[in-house]
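The values are calculated or read from the model by the stated rules, or taken from the named source; none is laboratory data. Being a predicted model, the structure only gives us computed values, none of them experimental. Cβ: placed from backbone, ideal geometry, glycine included. Neighbour counts: every protein chain shown.
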Amino acid sequence: EKHTIPNTQIPVLIFQVKLICRSHDRAVLLYEYVGKKTVDLQHTEVPDAYRGRGIAKHLAKAAMDFVVEEDLKAHLTCWYIQKYVKENPQPQYFEHIYQ
């Protein structure tokens, strides 16, 4: 899911994964538009109880696929997104990343 966090001058957006039905636990990837066609992928967060299950990898893939599908450029501020791209080298990703 993609959402906007309200009450900020520049909206910070999130990809999120609800982890268990009837639970409020969520894994999130925060990003924001820093230009008309440029996003900054800032931070991933997975609750401790769910780490090591590949959830952050799903968030990273969703974010990078979104960047490609929307023909955006991305700054990879988040260390985990940097790691994901390095471990999953897709040519279409590299075309959309600011080096």
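Quick notes on this structure:
- Odd one out for THR44 among (1) hydroxyl-bearing (Ser, Thr, Tyr); (2) in contact with a strand residue (DSSP E or B) (Cβ under 6 Å, 6 or more places away or on another chain); (3) modelled with pLDDT under 90: (3)
- Residue in segment 55-65 that is farther than 21 Å from ASP25 by Cα and surrounded by 12 or more Cβ atoms within 10 Å (Cβ to Cβ) present: yes
- Residue that is in contact with a strand residue (DSSP E or B) (Cβ under 9 Å, 6 or more places away or on another chain), hydrophobic (A, V, I, L, M, F, W, C), assigned to a helix (DSSP H, G or I) and free of Cβ contacts under 8 Å to residues at least 40 places away in the same chain, where the choices are ALA63, ALA49, ALA56: ALA56
- Taking segment 66-99 as the range and being within 18 Å of VAL28 (Cβ to Cβ) and assigned to a helix (DSSP H, G or I) as the test, the residues that pass are PHE66, VAL67, TRP79, TYR80, ILE81, GLN82, LYS83, TYR84.
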